[in-house]
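Contents: one structure, followed by commentary.
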Amino acid sequence: MATLPKSIQNLINEFSKLPGIGPKTASRLAFYLLKTPNIDLQNFAQALGNLQKNIIYCSTCNNMSETDPCTVCSDPKRDKNLICVVEDALDLVAMDQISDYTGTYHVLGGALSPLDGIGPENLKIKELINRVNTLGQVEVILATNPSIEGEATAMYIAKQLRGNTKVKVSRLARGLPQGADLEYADEFTLSKALEGRREY
């Protein structure tokens, strides 16, 4: 039975550890890199090696950055009293593509998931509460994912902020996407769409 050289197999094994990468995709990536020109391979290796070296977390919002505070928190045009709470930095990037939003963010670093051992102490919830308490009138937009964990996280944060009269808490509307057919929507999506209905 033919076996691959150990260096190739090791690379395949490392690629297989990445989310969404199975053994076949890992093999294709490894063999693609074998055919890549040496200079490109060196650039790839350097980018990979520097990945964690140059990344820090903003002391205000916990966003990944190369500066502290991050570019969002240091932007004087941003409304500091409008905070959009997201689970991770990719959610922040998605939200910030909306040109209408001019506020700031707070990155939790995940969502509550007792089955995975993730409780409030594992997320940046306490930091959010402290940040909100130091501001005057503030709106907190809960933009966690519409999953069970995301909903639980949003409910927990809303409960923590409930006693503060200077805080308005809102949740992103959810429901049917543009162009969707009702017959293909699940019960949860239809329920949220009905709940979030507005006057027409």
## Note on the structure
The size of the Cβ-based charge dipole (Lys, Arg +1; Asp, Glu -1) of region 1-103 about the Cα centre, to the nearest 20 debye, is 620
### Message
Given an 8 Å cut-off on Cα distances and at least 6 residues of separation, report the relative contact order of the chain as a percent.
### Response
13
### Query
Taking springs between alpha-carbon atoms closer than 10 angstrom, which of ALA47, ALA111, ALA180 fluctuates most in the Gaussian network model of the chain?
ALA180
### Per DSSP, loop GluC sites (Glu not before Pro) in region 105-200 with at most 15 further Cβ within 10 Å
GLU199
### Query
Are there trypsin sites (Lys or Arg not before Pro) in region 42-138 that DSSP puts in a loop and that have at most 16 other Cβ atoms within 10 Å, and which ones?
LYS53, LYS77, ARG78
### In degrees, nearest ten, helix 6-16 long axis to first principal axis of the chain (Cα)
20
### Query
GNM, the chain, Cα, under 10 Å: largest mean-square fluctuation among LEU18, LEU90, LEU41?
LEU18
### Query
Which of LYS53/LYS124; LYS126/LYS159; LYS77/LYS159 have a Cα-Cα distance over 20 Å?
LYS53/LYS124; LYS77/LYS159
#### Entry: Ranked ILE125, ILE55, criterion: other C-beta atoms within 10 Å, fewest first
ILE55, ILE125
### Query
Once both axes come from the Cα atoms, what is the angle between helix 23-35 and the longest principal axis of the chain, in degrees from 0 to 90, rounded to 10?
60
### Message
What do you get for the angle between helix 38-50 and the principal long axis of the chain? Use alpha-carbon atoms, 0 to 90 degrees, nearest ten.
### Response
40
### trypsin sites (Lys or Arg not before Pro) lying in DSSP loop within region 155-186, provided at most 16 other Cβ fall within 10 Å
ARG162, LYS166, ARG174
### region 126-200, relative contact order [Cα under 8 Å, separation at least 6], %
29
### Summary
A correct Stokes-Einstein calculation for region 84-200, using the alpha-carbon Kirkwood radius, 25 °C and 0.890 mPa s, returns a whole-number D in µm² s⁻¹ of 158
### Task
Let me have the 222 nm mean residue ellipticity of the chain computed from DSSP H runs of 4+ only, each contributing -39500 (n - 2.57), with the sum over all residues rounded to the nearest 500.
-12000 deg cm²/dmol
### Task
Can you tell me the alpha carbon radius of gyration of the chain divided by the globular rule-of-thumb value 2.2 N^0.38 Å?
1.31
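No lab work stands behind these numbers, since they all come straight from the coordinates. Values in this document were obtained by computation on a predicted structure and should not be read as measured data. With ideal geometry, Cβ positions are generated from the backbone for all residues, glycine too; neighbour counts draw on all protein chains shown.
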